[in-house]
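Trainee: Let me begin by handing over the structure; questions about it come next.
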Amino acid sequence: MAGVAWHYVLKFIITGDASVGKSSLLVRLTDQRFLANPDPTLGVEFGSKLITIPEENKVVKLQCWDTAGTESFRSITRSYYRGAAGCLLVYDVSSRQSFLNARSWLQDVREHADPHLTCILVGNKVDLCNDGPEGATPAQGQRARQVSTDEAELWAKEEGLLFVEASAKSGVNVEAAFETATRDILDKIRRGVFDDDRSPGVKLSKPANDSLTLESTPKKSGCC
Ligand SMILES: Nc1nc2c(ncn2[C@@H]2O[C@H](COP(=O)(O)OP(=O)(O)OP(=O)(O)O)[C@@H](O)[C@H]2O)c(=O)[nH]1
Ligand SMILES: [Mg+2]
């Protein structure tokens with residue numbers, strides 16, 4: 001095959017409560033835009049993006065399955081965990097309930113995904129929060145933060161998850177969330193935890209030479 005476009009293809013799943021911004025994070029990643037009124041996801045949607053990890057000299061194709069947070073789709077969502085190498089477990093920093101519910105999403109991930117999967121906890125919508133003095137009234141258009149960075153970071157540590165706060169709206173830390181998880185997966189591949197292309201969520205391309213041909217545009221398509 002002439003001009004292989006990537007070194008690895010990694011399957012990612014994005015999970016968490018309804019309305020926490022899973023689809024918005026994916027659209028930000030693939031299309032660099034923000035939708036103010038996206039439709040709730042019905043079942044799953046798919047998006048794909050090439051990223052480069054310069055210090056590893058690796059081009060990685062992320063294949064991301066964005067799942068529905070609505071309870072009625074939960075059994076469909078569970079069927080997509082299988083074979084994923086990475087997971088974004090998303091909550092909304094202005095919704096304590098979405099953070100508490102992350103425990104049950106993580107339980108699903110642990111029951112249905114590869115035990116070596118890399119999971120990153122993503123506190124989305126940081127743009128909404130007024131991070132002023134505790135008890136201060138949020139400015140217009142903002143909401144009070146209901147989950148502190150320290151609390152989420154501590155829980156992530158206890159559960160062995162990576163952690164980042166992000167905003168699909170402003171774009172802050174969105175690529176970084178995927179890149180951090182990807183670096184961790186590449187490290188696992190190097191250490192033999194993921195067995196290269198024998199692990200279902202990791203596919204390996206063997207470039208004929210070192211000059212790679214990159215895909216020019218990320219694709220996003222609906223599914224189901
Ligand atoms: N302010 C702000 N709003 C956001 C952000 N991300 C998503 N939203 C809004 O939150 C709402 C829900 O976003 P979605 O991306 O559809 O949420 P979802 O998690 O995919 O929801 P389901 O598909 O129903 O599970 C929409 O109104 C988005 O515009 C963010 O970072 N900041
Ligand atoms: Mg969605």
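Trainee: How many of the residues in the stretch 66-86 are at pLDDT 95 or above, within 14 Å of ligand 1 (Cβ to nearest atom) and outside any loop (DSSP other than H, G, I, E, B)?
Mentor: Selection size over the stretch 66-86: 2.
Trainee: Right, here's the next one. Looking only at the stretch 37-60, filter to residues that are away from ligand 2 (no atom under 12 Å from the Cβ) and buried (at least 20 other Cβ atoms within 10 Å of the Cβ); which one of those is farthest from the chain's Cα centre (by Cα)?
Mentor: Result: Val59.
Trainee: Kindly provide the set of residues from the stretch 6-36 that are surrounded by fewer than 22 Cβ atoms within 10 Å (Cβ to Cβ) and of a type in the set (Phe, Trp, Tyr), ordered by number. Show your work before the answer.
Mentor: Taking the stretch 6-36 first, the residues surrounded by fewer than 22 Cβ atoms within 10 Å (Cβ to Cβ) are 7, 9, 18-19, 27, 30-36.
Passing the criteria: only Phe34.
Trainee: For the stretch 95-109, does any single residue satisfy the condition of being of a type outside the set (Val, Ile, Thr), modelled with pLDDT of 95 or more and assigned to a loop (DSSP other than H, G, I, E, B)?
Mentor: Yes.
Trainee: Moving on to the next point. From the list Leu42, Leu50, Leu10, Leu35, pick out the single residue that is under 22 Å from His116 (Cβ atoms) and not in a helix (DSSP H, G or I). Show your work before the answer.
Mentor: Working: Leu42 fails: under 22 Å from His116 (Cβ atoms); Leu50 fails: under 22 Å from His116 (Cβ atoms); Leu35 fails: under 22 Å from His116 (Cβ atoms).
When all the criteria are applied, what remains is Leu10.
Trainee: May I ask you to list the residues in the stretch 21-43 that are modelled with pLDDT of 95 or more and hydrophobic (A, V, I, L, M, F, W, C)?
Mentor: Of everything in the stretch 21-43, those that are modelled with pLDDT of 95 or more and hydrophobic (A, V, I, L, M, F, W, C) turn out to be Leu25, Leu26, Val27, Leu29, Phe34.
Trainee: For the stretch 175-194, check the following and say yes or no: at least one residue is modelled with pLDDT under 95, out of contact with any strand residue (DSSP E or B) (no Cβ under 7 Å at 6 or more places or on another chain) and of a type in the set (Val, Ile, Thr).
Mentor: There is at least one residue in the stretch 175-194 that is modelled with pLDDT under 95, out of contact with any strand residue (DSSP E or B) (no Cβ under 7 Å at 6 or more places or on another chain) and of a type in the set (Val, Ile, Thr).
Trainee: Between a residue in the stretch 21-39 that is over 16 Å from Thr67 (Cα atoms) and any residue that is within 7 Å of ligand 1 (Cβ to nearest atom) and not in a helix (DSSP H, G or I), which pairs come within a Cβ distance under 8 Å, given they are 6 or more apart or on different chains?
Mentor: Phe34/Ala168; Phe34/Lys169
The values are calculated or read from the model by the stated rules, or taken from the named source; none is laboratory data. A quick note: this is a predicted structure, and the numbers were derived from the prediction, not measured. Cβ coordinates were reconstructed from backbone atoms using ideal geometry, including for glycine residues, and neighbour counts include every protein chain displayed.
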